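The values are calculated or read from the model by the stated rules, or taken from the named source; none is laboratory data. Source: prediction; values computed, not measured. Counting neighbours? That spans all protein chains shown, and the Cβs are built from the backbone with ideal geometry, glycine included.
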Amino acid sequence: MTNVDAEKIAKCEKFITETLPPHNVSPLWTVMDAVVPPFPNPKAVPHLWSYKELRPILLEAGELVAAEEAERRVLMLINPVLKAPNTTDTLYAGLQLILPGETAPAHRHVAFALRFIIEGERGFTAIDGKKINMERGDVILTPKWTYHDHGHDGTGPMIWLDGLDLPVYQFLPVNFAQGYSESRYPSEPVETSPSKYPWAPVQAALDSQSGPYAKFTYQGGFAGGHVSQIIGAHAERVDAGTQSPPRQESSSFVFHVYQGNGYTLVGEGEQQKKLVWTQSDVFAVPHWRKIVHVVGEGETAYLFSFSDTPMLSNLGSWRENKFE
Ligand code: GTQ
C-alpha cells in the first residue's frame, strides 16, 4: 500500500465516522449487499412443531388460564430465530384451545385471521352475528374488522390452528383491536357461510385431479381469487410413496398436516433442512425456499397451508423459480 492509498483510506474512515453522522446520513456503499441483496433473505428458519408434543402442553394451559381471562388461549408458534408474533417473517400461527362452556370474548381487529380446525366437535366461532359450527378440517375465515367470539357447546377440547397476518403489522403499525360491550356478540346459528370451507369438497377437488400430486387454492373474493388481500390458503395431495414436484416462490408458508406421514425438504445445499412430519404437525417455510414433500408408503398425504402469496402478488413482488 502506498502512502497515498493509506491517506485516502484514513480520510474515508474519518468521513464515515465523523463527517456524516451529525447530518443523519450514512453511506450506502458499505452496506449495499445487505440493503439490496443478491437473493431474497428471510430471517426465519424452517421449523416444525410436533402436535403430539404440544397437545398436552396446550391442555395444561387450559388448566392454568381460562379462555375468558386470556381473551384468546393460544400457544404462539414462534420461529426459533425470531420473536413473537413471527412464525415466518410475515406470517403468524398459533394453536388455540377452547374447553366446553368457555367463551373467548368478542373483539374485532384490522388483522385478518383464518383457522384450520384440528380436533373437537360442537365448538363454534361467531362472526358478525353468524354462529358457525367447527369440525376437523374446516377452514374458517375471520375477515378484517368483523366481530368474532369463540365458544364450545360440546364435550372435550376444541383445538385449531390460527393463521394471522400479525407480523405484517409490526412493520405497518395500523392494526388495532376493539372489544365488544358483551363477551358474546349476538348471533344466530347458520348451516353454511361464505367464511366456512369444510374439508370434504377440498379433498374431493384434490382427488378429482389426476396424477400423484394435486394442488388446490381456497377461493375467495380477492385478487387472484384468494381468501384475503394478504393471506392465501392452499391444500395439496401427495400420494403415498411419491414426492411433490419441486417449487420455489417468493412466498413464505405455514403448513399443517391434515393426514399422512413424510418429510419436507426445505431449501438447498448447506442450508437445506429436512422436516419430518406426521398428522396435525405444523411447520414453517421461510420465503424463497425450495420445497419438496416426500411421502411415505401407506397413506396419501393431505397438507393444508397458508401463505403471504396474495400480499406479495398485490404488491407486484411475487416471483417463482421454474424447475424443468
Ligand atoms: O382468535 O381472534 O391466535 O385475535 C391471535 C389473535 C387468535 C383470535 C390468535 C387473535 C386471535
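Observations, loosely collected:
- Of the strands (runs of 3 or more DSSP E) lying entirely inside the range 92-160, those carrying at least 1 residues that are within 14 Å of the ligand (Cβ to nearest atom), within 24 Å of Ala284 (Cβ to Cβ) and under 17 Å from the mean Cα position of the chain (by Cα) are 92-98, 113-119, 139-142.
- All of (1) farther than 24 Å from Pro198 by Cβ; (2) in contact with a helix residue (DSSP H, G or I) (Cβ under 9 Å, 6 or more places away or on another chain) hold for Val282 with one exception: (1).
- Test: residue in the range 33-55 that is hydrophobic (A, V, I, L, M, F, W, C), outside any loop (DSSP other than H, G, I, E, B), within 16 Å of the ligand (Cβ to nearest atom) and more than 30 Å from Val174 (Cβ to Cβ): yes
- Condition met for His287 (surrounded by 18 or more Cβ atoms within 10 Å (Cβ to Cβ), more than 22 Å from Gln209 (Cα to Cα) and modelled with pLDDT of 95 or more): yes
- Selection count where residues are among the charged types (D, E, K, R), within 22 Å of Leu77 (Cα to Cα) and out of contact with any Leu (no Cβ under 7 Å at 6 or more places or on another chain), scope the range 269-289: 2
Conditions (1) surrounded by fewer than 16 Cβ atoms within 10 Å (Cβ to Cβ); (2) touching a strand residue (DSSP E or B) at 6+ places or on another chain (Cβ under 8 Å), marked per residue:
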position	(1), (2)
Ile117	no, yes
Gly123	no, yes
Gly129	yes, yes
Asp138	no, yes
His150	no, yes
Asp162	no, yes
Val168	no, no
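- All positions within the range 168-197 that are under 18 Å from His226 (Cβ atoms) and either among the polar types (S, T, N, Q) or within 12 Å of the ligand (Cβ to nearest atom) (or both): Ser193, Ser195
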